[in-house]
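Following: one structure in structure tokens, then a few remarks.
The values are calculated or read from the model by the stated rules, or taken from the named source; none is laboratory data. Predicted model only: the values in this text are computed from it and were never measured. So basically every Cβ, Gly included, is an ideal-geometry build from the backbone, and we count neighbours across all protein chains shown. Ligands, DNA and RNA are excluded from the accessible area calculation, which covers all protein heavy atoms including side chains. Shrake-Rupley method; radii C 1.70, N 1.55, O 1.52, S 1.80 Å.
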Amino acid sequence: MIRKCLFPVAGYGTRFLPATKSMPKEMMPVVNKPLVQYGVEEAFQAGMTDMAFVTGRGKRAIPDHFDISYELEAQIAGTDKEDRLTDIRHLIQNCTFTYTRQKQMLGLGHAILTGETLIGDQPFGVVLADDLCITDGDGVLAQMVQLYKQFRCTIVAIEEVPAGETDKYGIIKGEEVRDDIYRVETMVEKPAPGEAPSDLAIIGRYILTPDIFDLLRETPVGKGGEIQLTDALMRQAQTGCVMAYRFKGRRFDCGSVDGFVEATNYCYEHLYRKARAPAEVASLVKKG
Ligand code: G1P
């Protein structure tokens, strides 16, 4: 029912310089898979097949990744390396990928509004690929789609963060309607610790209803001189309905070096190593 997912991927990734000087930060690999592919797989698992990207200059590696590389296919055809492309081939075969460029970096709200041309008039998912979410069962977006079916309004994913870190996130406060769901009453972008209405932070997964575009058009420049999605969502919460959902799973802030390394260690241990024969891993460890 929700077919489209928007990926704002125009950001510079300055925290990872020099790695991101000529490579998009979304292409940084967590073990052997680029961050953005984790996001696309999560959207696909939630039933979304139209992947829409808001890109910028220097991001060509992303469209290349989600396209067939004939030379590579010819090189590895019939070898034991072929299975390394199974997952990405599956996405390429079953999804469409569309792109538009954000010409100026005016914030997440501006990036989402730039994506309107790819989304049109329908509810859609949003994935901020920096936030890598690992779950046991359904992915975070799939969990949110279930809720959307029930509430038919915008849903934001949240988690508790340490009180001293509220200035890194959009923070919500709301009425608890179930132990993991709040009806949002207040929302503030990156409040200083001590001024935050709660410790419930928005993480980079949203299901947005298309009225968000009109709200974004009217949203004045906010925190950090940028057009903030959080400000438009606050208006939406006042006039309609926004639900916040405490998702099941683990989130890694791969926009920071610490979070990225943590995610790499976790994925190596829990996803990659588990999926490979113990003997193969043992020989790798021996080789160093
Ligand atoms: C953005 C949003 C913020 C949200 C965060 C989640 O901030 O503006 O509300 O909490 O993503 O990762 P950014 O991290 O892009 O500064």
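For the range 14-37, the candidate set comprises residues that are assigned to a loop (DSSP other than H, G, I, E, B) and either free of Cβ contacts under 8 Å to residues at least 24 places away in the same chain or charged (D, E, K, R) (or both); within that set, the residue that is surrounded by the fewest Cβ atoms within 10 Å (Cβ to Cβ) is 18. Residues that are in contact (Cβ under 8 Å) with a residue 60 or more places away in the chain, within 14 Å of the ligand (Cβ to nearest atom) and not β-branched (Val, Ile, Thr) within the range 169-200 comprise just one, 170. Of everything listed in (1) assigned to a loop (DSSP other than H, G, I, E, B); (2) over 17 Å from residue 8 (Cβ atoms), the single unmet condition for residue 219 is (2).
Is it the case that the range 80-89 has a residue that's in contact with a strand residue (DSSP E or B) (Cβ under 8 Å, 6 or more places away or on another chain) and modelled with pLDDT of 90 or more?
For the range 80-89, residues in contact with a strand residue (DSSP E or B) (Cβ under 8 Å, 6 or more places away or on another chain) and modelled with pLDDT of 90 or more: present.
The set of residues in the range 39-82 being among the aliphatic types (A, V, I, L, M) and in a helix (DSSP H, G or I) consists of 40, 43, 61, 62, 72, 74, 76. For the range 143-160, taking the residues that are under 11 Å from residue 200 (Cβ atoms) and open to solvent by 10 Å² or more (accessible area, probe 1.4 Å), the one that is farthest from the ligand (Cβ to nearest atom) is identified as 160.
Scanning the range 192-206 for residues that are crowded, with 17+ Cβ neighbours inside 10 Å and of a type outside the set (Gly, Ala, Ser) turns up 199, 200, 202, 203, 205, 206.
Okay, residues lined up against (1) closer than 19 Å to residue 208 by Cβ; (2) surrounded by 17 or more Cβ atoms within 10 Å (Cβ to Cβ):
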residue	(1), (2)
47	yes, no
54	yes, yes
62	no, yes
75	no, no
86	no, no
91	no, yes
116	yes, yes
129	yes, yes
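Here residue 108 qualifies as within 10 Å of the ligand (Cβ to nearest atom) and closer than 16 Å to residue 215 by Cβ.
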